[in-house]
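Read the structure below first, then the notes.
The values are calculated or read from the model by the stated rules, or taken from the named source; none is laboratory data. Please read all numbers here as calculations on a predicted model, not as lab measurements. We place every Cβ from the backbone using ideal geometry, glycine too, and count neighbours over all the protein chains shown. With ligands, DNA and RNA removed, areas are computed over all heavy atoms of the protein, side chains included. Shrake-Rupley method; radii C 1.70, N 1.55, O 1.52, S 1.80 Å.
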Protein chains: 2
Amino acid sequence: MTLIDLESLARSLGVPSDRFHRFGPGRGKIDPRYLPSPSLGLSPDDSKVSSALYVLVTGMTPTPLGEGKTTTSIGLSMALNRLGLRTVVTIRQPSMGPVFGIKGGGAGGGRSTIEPMDVLNLHLTGDIHAVSSAHNLLASAIDNEFSHSNPLRIDPLSINYPRVVDLNDRPLRKVVIGLGGRANGIPRETEFSIAVSSEVMAILALAKDYSDLSGRLSKITVGANVDGTPVTARDLGVDGAMAALLREAFWPNLMATCEGTPAIVHGSPFANIAHGNSSVIGDWVALSGAQCVVTEAGFGADLGGEKFFDIKSPILGRGPNVAVLVATAKSLRMHGGLAETTAGKPIPEILDSPHPESVDRGCANLRRQIENIRSFGVPVVVAINSHPQDSQEEWDIIRRHAIDAGASDAVVCSHFRDGSEGALALARVVMETAKHHNGQVTPLYRREDSLEDKVTRIVTTMYGAKMASWSDRARKSLVVAKSLGAETMPVCIAKTWASLSHDPALKGDPRGYVFPVTDVRAFTGAGFVTVYAGDVQTMPGLPSRPAFRKIDLSPDGITRGMT
Amino acid sequence: MTLIDLESLARSLGVPSDRFHRFGPGRGKIDPRYLPSPSLGLSPDDSKVSSALYVLVTGMTPTPLGEGKTTTSIGLSMALNRLGLRTVVTIRQPSMGPVFGIKGGGAGGGRSTIEPMDVLNLHLTGDIHAVSSAHNLLASAIDNEFSHSNPLRIDPLSINYPRVVDLNDRPLRKVVIGLGGRANGIPRETEFSIAVSSEVMAILALAKDYSDLSGRLSKITVGANVDGTPVTARDLGVDGAMAALLREAFWPNLMATCEGTPAIVHGSPFANIAHGNSSVIGDWVALSGAQCVVTEAGFGADLGGEKFFDIKSPILGRGPNVAVLVATAKSLRMHGGLAETTAGKPIPEILDSPHPESVDRGCANLRRQIENIRSFGVPVVVAINSHPQDSQEEWDIIRRHAIDAGASDAVVCSHFRDGSEGALALARVVMETAKHHNGQVTPLYRREDSLEDKVTRIVTTMYGAKMASWSDRARKSLVVAKSLGAETMPVCIAKTWASLSHDPALKGDPRGYVFPVTDVRAFTGAGFVTVYAGDVQTMPGLPSRPAFRKIDLSPDGITRGMT
């Protein structure tokens, strides 16, 4: 393993030498306290942050294994570097759930990777562990009240704060705790979620500085007392310890791609119940020191993309100069109806062979996603993440649709096979397109709009629904959310990633349906209100052939079988 | 915060420069692969390992807050350094349970500390998190079988493998998981323990190299199939991934004391259900490079001390040249009957004032612990960890009893108040005493003795019992343990730390009682058989005023309230 000189990479990003710390081979952390604190004026006017080229990589509605957004982000960042632009790629840290489950790691693939892959995929510098500890300390503090005469008079049935673990562990979805008698507290039903779905993780990814981090943690609502008054982490006296647990987790991680491009890997919020983007502080570090920053948003442009614009951008104080929308012929064939895909099942082989008519039909999805991003006022370049089986005819169809729908261009890439070489054409188009937009974002809704109006706006303009319906439960939860101050918060839609709609079976560009809101929850610490369409699984299960079976450690200490 | 030059410390221990890695400010890890692997002959004959001075710090039966073993280990190591002996102190990593609960951190105290304290007490380099992940991955793999037609035909009622979390979380002691229908697996009762009680942690602390680590992990028994055949981590195909998760956790952590003495902080097995000593690999690194190594065993000499001799030493291949037995006047007053102490309750104030008669009576405990250590053939020096309220008369009484019971000497120390200065006299006596013993250990029992004989030997010679009684359950479990190959394993007694006996109320030197064995369990991965006397709590609860309430993070990023 060649170890990149991370110290020079940090230096090239303007990080003072005493603010970069190695955290083991191949990784380090950047203590961001050399940046001006937000209260001292870091804002869109900050010349360095606002003058850097900022590229958002997002995607069309994906197949279960994804269309290669991370690989494209990495390949594009390496290509931009080759073209002379000092570029950083910023991505989320992978959860160990998928690493040991179906999907495998999150370090890119082929010749567009972040190295060492096993370091990235397992632990990294322990940020997710720190989030888990802070999250679970709060959970333990809640239940501890019941063992000590419950001075806050917490209503045990009001508690809606799970515990977390950074693994796929199906039977923890629904549990009864506190069994075994008085010494073990009160029995109650609760849940375990995967750590990256934690509100604490969303907070880590959105916090601007330590004050903001502590403030958001203190505002986490865990339930209510018997009078219905909300109970927060601050009420339990645990917010300070939670912040202390996150002290270094707040420092963005620095790694390098296989071609030596700096990679900031930080934060890993879910892209459904949370906002699905890497950290604000990581992007600030990157924008403050690089000429160009390539960042990635989770799932399709309808999920992580929309949330990038409506949740992350307002805190960051700027938007991207250009969005890259990753598409594959395979996914377009699927949207065109050639075959169905199901999460947890292998992708049908027929989707691997060219089928121009399906691609043509499937481009409805691509067009809608392009139009959605364009509605934020940001130009779009389509990256056709090519596979050896694709046909030129398919690529031509994709390009025609893309440009017709308002994309600046659509470029075939082969960075998986060729590294930066395979993304040079894309990089040139991205640079040219980015010149013509200053990074401003036209918001989809105004903060002062009602929550109902915000939801209607998102589902009608972006998802193609004719309206939103609200279940009784959702209406009741809406009242609670408003009482917690959610009215002025941005909306975070929790829905399937497998469709623009709420229904994974609706492919392409579904129209005219009713979008069913099933529940609403204000995350008062993270500062957004999550609006659910159906059950969103926050604890994945392991498949029948889990990826962990392939992983091994050789006697000389080399990790094997990691993808 | 002054950052010690850890690179020089590593160099002074003979660690090649490419084998030392920083893991954040104030800490690093030593990749031990520069040492000869055990299969290539690292053994007691290895000249460096066997020629270093090796000091075991253990204690009398403690009060609930401990008698200052860690502080003494640190102070003594700094004093030995001042006397010109290149010394390393090796201790266990503190669990976050006590840090946020009652006891506070495990970084020493006063002027004998390891710095930075918040780094040591929270996360360190994530080893306990890695152990938790590896442990819980195996747990998830077990339950996953039931969701996929159970090809191994595991009997769900046979599973005796808990999940873990590194926090005090009382209601997780007894839980029902798998509720909510078929998609969530099968409902069953199970437990959560604190991470440091995990068999995986014991394995990390005992493994000699990666082969040994992987081999032990693969042998963890989690239950049985419907025919009664044991099911192991290897059967589930998860041992390789577990080893990969522990790849860097296996590297000993290097920090420094407040006076710059190198400190290796590695492994944190419980001292009741596990063996309670820092890692074998950490002590090998230390012994290979230093002139003197001071290590600490958990709880009293009857627990961590005995297990050091009977479990850790045989793997390490050598014993100590001298044992330091830490005693306080306060604890001796308690053993003498002046007042009772209870875990989780404040220590009665009366124990803070001199009371020579109680000390005189309480010395029965000290004498027994001295005799116990002497029975291993190792000389003993008593460290009287002084407090300002103690009287000279009390110290004289302690010294008289100590020497009469076979200790080489008893020395009053004030390292808490004075740092190394306060332990210089102790250090001189330790050096002098150590000269006369070569580090050989006379085992308490032979490996080929029956398990029953091993237990009888421990409880009659060390604990003062007249015999052991075996419950029906214990007899049944003994049969199972023997079927798992436990007959030739060393015994690990799980009992209260608050008495030499099984009963926390029996202070001083209890005699002539019956030691009740309530259960037996073979930890086939760790390689010892745990013999229980009563319920041993593996998941502590939080107190009514948890230590976490005092902890905070300042806006400039400084941890406050950590002790």
Before I look further, what does the stretch A:127-245 give for accessible area per residue, probe 1.4 Å, in whole square angstrom? 28
Cβ-vector label at 7 Å, B:Gly377, separations to other copies in nm: 8.3
Chains B and A: buried accessible surface, both sides, probe 1.4 Å, rounded to 100 Å²? 5800
Counting only protein heavy atoms and rolling a 1.4 Å probe, one gets per residue an accessible area for the stretch B:457-539 in Å² of 38
Average beta-carbon neighbours from other chains, 10 Å sphere, peptide A:233-242: 5
For B:Ser12 and A:Tyr34, what does the FRET efficiency come to when R0 = 35 Å and r is the distance between their Cβ atoms, rounded to the nearest 0.05? 0.65
Simple spin-label estimate for B:Asp418 and A:Ile403 in nanometres, 7 Å along Cα-Cβ: 8.7
Chain A - share of DSSP beta bridges that are antiparallel (%, nearest 5): 40
Under 5 Å, built H, 5+ apart or other chain: amide partners of A:Ala494: A:Val531, A:Tyr532, A:Ala533
Cα-centred dipole magnitude for the stretch A:451-532, charges only on beta-carbon of K, R (+1) and D, E (-1), debye, nearest 20: 40
Candidate cut points under trypsin sites (Lys or Arg not before Pro) in the stretch B:82-181, DSSP loop plus at most 14 other Cβ atoms within 10 Å of their own Cβ, are B:Arg153
Distance from the Cα centre of the stretch B:165-234 to that of the stretch A:483-502, in angstrom? 37
Thinking of the stretch B:127-245 as a set of Cα atoms, what percent of all their pairs are more than 16 Å apart? 60
Shielding of B:163-169 by partner chains, average beta-carbon count, 10 Å: 6
A convex hull over the alpha carbons of the protein assembly as shown yields, per residue, a volume in Å³ of 149
What is the Å³ per residue value for the convex hull set by the Cα atoms of chain B? 146
Starting from a Cα-only point model with no solvent, please compute log10 I(q)/I(0) by Debye for the stretch A:38-188 at q = 0.16, 0.18 1/Å. -1.02, -1.13
Using a Förster distance of 60 angstrom, determine the FRET efficiency expected from the C-beta separation of A:Asp396 and B:Asp556, and round it to 0.05. 0.55
Charge dipole magnitude, Cβ of K and R +1, D and E -1 - the stretch A:1-106, Cα centre, debye nearest 20: 180
Give the carbon-plus-sulfur fraction of the accessible surface of the stretch A:127-245 in %, rounded to a whole number; probe 1.4 Å, heavy atoms of protein chains only. 50
Which whole-number percent gives the relative contact order of chain B, counting Cα pairs below 8 Å spaced six or more residues apart? 20
7 Å along Cα→Cβ, label-point gaps from A:Lys466 to other copies, nm, shortest first: 9.1
Helix B:69-82: angle to the longest alpha-carbon principal axis of chain B, degrees 0 to 90, nearest 10? 60
Teacher prompt: B:Asp352 distances to equivalent labels in other copies, 7 Å Cα→Cβ, nm: 7.5
Within 10 Å of each candidate Cβ there may be at most 10 other Cβ atoms; applying that plus a DSSP loop requirement, which trypsin sites (Lys or Arg not before Pro) in the stretch A:362-449 survive? A:Arg446
In deg cm²/dmol and to the nearest 500, what is the mean residue ellipticity at 222 nm of the protein assembly as shown if only DSSP H runs of at least 4 residues count, each as -39500 (n - 2.57), divided by the residue total? -9000 deg cm²/dmol
Size of the dipole of the stretch B:127-245 about the Cα centre, Lys and Arg at +1 and Asp and Glu at -1 on the beta carbon, nothing else charged, in debye to 20? 200
Out of B:Gly305, B:Ser450, B:Val359, whose Cα points farthest toward the positive end of the dipole of chain B (charges: +1 Lys, Arg; -1 Asp, Glu; placed on Cβ)? B:Ser450
Hull surface over four for the Cα convex hull of the stretch A:232-281, reported in nm², is 4.8
Within the stretch A:433-464, the residues whose backbone N lies under 19 Å from a label point placed 7 Å from the Cα of A:Ser51 along the Cα-to-Cβ direction are A:434-440
Dividing the mean separation of Cα pairs under 8 Å (6+ apart) by the residue count of the stretch B:455-532 yields a relative contact order in percent of 40
Long-range lysine pairs (8 or more apart or interchain), the stretch B:455-532, Cα under 22 Å: 5
For A:Asn160 and A:Val514, FRET efficiency with R0 = 45 Å and r from the beta-carbon atoms, rounded to 0.05? 0.95
Ordered by number, the residues of the stretch A:183-199 that have at least 50 Å² less accessible area in the complete protein assembly than on their own chain alone (1.4 Å probe) are A:Asn184
Positive-end residue of A:Gly439, A:Ala402, A:Ser414, charge dipole of the stretch A:394-444 with Cβ unit charges: A:Gly439
Report the full-extension gain for the segment B:Arg234 to B:Lys345: residue separation times 0.36 nm, less the Cα-Cα distance, to one decimal in nm. 35.6 nm
Would you mind telling me the antiparallel percentage of the DSSP bridges in the stretch A:492-545, rounded to 5? 60
Coil-residue trypsin sites (Lys or Arg not before Pro) of the stretch A:488-563, DSSP, other Cβ within 10 Å capped at 15: A:Arg511
Longest principal axis of chain B (C-alpha) makes with the long axis of helix B:356-374 (C-alpha) an angle, in degrees to the nearest 10, of 60
Over the stretch B:127-245, calculate the relative contact order: mean separation of alpha carbon pairs under 8 Å at least 6 apart, over the residue count, as a percent. 32
Would you be so kind as to list the residues of the stretch B:537-563 that have their accessible area lowered by at least 20 Å² in the full protein complex compared with their chain by itself (1.4 Å probe)? B:Leu542, B:Ser544, B:Phe548, B:Arg549, B:Ile551, B:Asp552, B:Leu553, B:Pro555, B:Asp556, B:Gly557
In Å, what is the Rg of the alpha-carbon atoms in the stretch B:455-532, and how long is Dmax? 12.6, 38
P(r) of the stretch B:77-155 over all Cα-Cα pairs, 10 Å bins starting at 0, rounded to whole percent, reads 15, 29, 22, 16, 11, 6, 1
